[in-house]
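As structure tokens, the structure follows; a few thoughts come after it.
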Amino acid sequence: MKYENILILASAIGAVATPIQDVLSASKPRPLVIWHGLGDSYDSPGLLKVQSSIAKMHPGIYIHSVYIDPDPKEDKRATFYGNVDEQVELVAQQLKDVPQLSGGFDAIGFSQGGQFLRAYIERHNDPPIRNLITFGSQHMGISDLPACKPYDLLCNLARHAAHAGVYNEWAQQNLVQAQYFRDPAQLEQYLDSNHFLASINNELPARHKNTTYAANLAQLDALVLVLFTDDRTVVPKESAWFGSYPVPDGEEEGAGGGGKEKAIVPMREQPLYVEDWIGLRTLDESGRVELVSCDAEHMRLSPECWKPLVKKYVGSRS
Ligand SMILES: *[C@@H]1O[C@H](CO)[C@@H](O)[C@H](O)[C@H]1NC(C)=O
């Protein structure tokens, strides 16, 4: 049958005429991009194993594993050292240059790779991501120094020293984790010095907010946020669900110590969500955010945890 005849037939049965490329690619699963986590590299044995499992689940799928450097040693180093804004720019160009991805793709971010992929969506999204799954990511940053008791001098000194360091210019340009360190007890300092997380969370004053970020993120078909219930690496673990510690109201300084667990501000109570700075509320109110928990320590991915998600949200053929 000639192409023209197929089109006539298609419109006769109510389908909209589509270019031949779309007709052909309809039989192939949507490609996938993976961004690995801290201390990993794009071609590590663990990551290759995950990729081959996914390929078995979705035969014929094209998978691209994001790298900052083709040399695995350097790629691993870049998960600790470097400027995250520059890394996101580099990856945006890398993804644009892969012909197989040009029609859009699904994406999986492991740990910090999750918020980096979100930055890609907000700042670029060209080609666009359809479904994004993030595993144990730090969407509201980390505040990983436990609170001190008011009179625990050593603890308080160490805490202040570390905080002074984490927000200094050098750390913010060169230490990857510092670029998503966010301590609600020192919010002013964070907003003044952090150029990555404060930007992609659109937390800066109104005149600095970027409406493109929200418009882009709201284009997703699904945002799947996976939290590890026994996560002791990410503090607080609820960061994976856009949760964070509250901003203390002065008098409570230090009251979080003494072994008591601090309260968490959940996603739907965050100003970022309530005022829809990044399109998260739009996504959620149209049923496109899924909060999932896996009973495990940080990134201890069991097949029962990740396989159903990858089956559902990756490799769509429609
Ligand atoms: C907002 O972000 C987009 C995408 O990164 C960028 O092109 C644009 O210049 C930004 N707008 C402002 C006002 O900063």
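The values are calculated or read from the model by the stated rules, or taken from the named source; none is laboratory data. Predicted model, so just to flag it, every value in this text is computed and none were measured. Methodologically, a virtual Cβ is constructed for each residue, glycine included, from the backbone with ideal geometry; neighbour enumeration extends over all protein chains shown.
Does Asp43 count as modelled with pLDDT of 90 or more, closer than 19 Å to Gly109 by Cβ and surrounded by fewer than 16 Cβ atoms within 10 Å (Cβ to Cβ)? For Asp43, the condition - modelled with pLDDT of 90 or more, closer than 19 Å to Gly109 by Cβ and surrounded by fewer than 16 Cβ atoms within 10 Å (Cβ to Cβ) - is met. Pairs are defined by a Cβ separation below 8 Å, a sequence spacing of at least 6 or placement on different chains, a first member in region 124-140 that is closer than 15 Å to Ala218 by Cα, and a second member that is within 15 Å of the ligand (Cβ to nearest atom) and part of a loop (DSSP other than H, G, I, E, B); the pairs so defined are Asn125/Gln219; Pro128/Gln219.
Here the condition is being modelled with pLDDT under 95, more than 14 Å from the ligand (Cβ to nearest atom) and of a type in the set (D, E, K, R); of Asp231, Asp221, it holds for Asp231 alone.
Applying the set (1) part of a helix (DSSP H, G or I); (2) away from the ligand (no atom under 16 Å from the Cβ); (3) among the acidic types (Asp, Glu); (4) in contact with a Phe, Trp or Tyr (Cβ under 7 Å, 6 or more places away or on another chain) to Asp85 leaves exactly one unmet item: (2). Selection of region 129-180 for residues being among the polar types (S, T, N, Q), farther than 19 Å from Asp192 by Cα and at pLDDT 85 or above yields Asn131, Thr134, Ser137, Gln138.
Yes/no per residue for (1) hydroxyl-bearing (Ser, Thr, Tyr); (2) surrounded by fewer than 21 Cβ atoms within 10 Å (Cβ to Cβ); (3) at pLDDT 95 or above:
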| position | (1), (2), (3) |
| --- | --- |
| Pro59 | no, yes, yes |
| Tyr62 | yes, yes, yes |
| Val66 | no, no, yes |
| Asn83 | no, yes, yes |
| Gly104 | no, yes, yes |
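The listed residues are Gly46, Gly103, Gly39, and the only one of them that is away from the ligand (no atom under 16 Å from the Cβ), more than 27 Å from Cys294 (Cβ to Cβ) and either without any contact (Cβ under 8 Å) to a residue 12 or more places away in the chain or not in a helix (DSSP H, G or I) (or both) turns out to be Gly103. Among the residues making up region 266-295, a single one is crowded, with 18+ Cβ neighbours inside 10 Å and closer than 13 Å to Asp230 by Cβ: Cys294.
Quick grid of which residues meet (1) outside any loop (DSSP other than H, G, I, E, B); (2) of a type in the set (A, V, I, L, M, F, W, C):
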| residue | (1), (2) |
| --- | --- |
| Ala178 | yes, yes |
| Gln189 | yes, no |
| Leu204 | no, yes |
| Ala214 | yes, yes |
| Gln219 | no, no |
| Val235 | no, yes |
| Glu238 | yes, no |
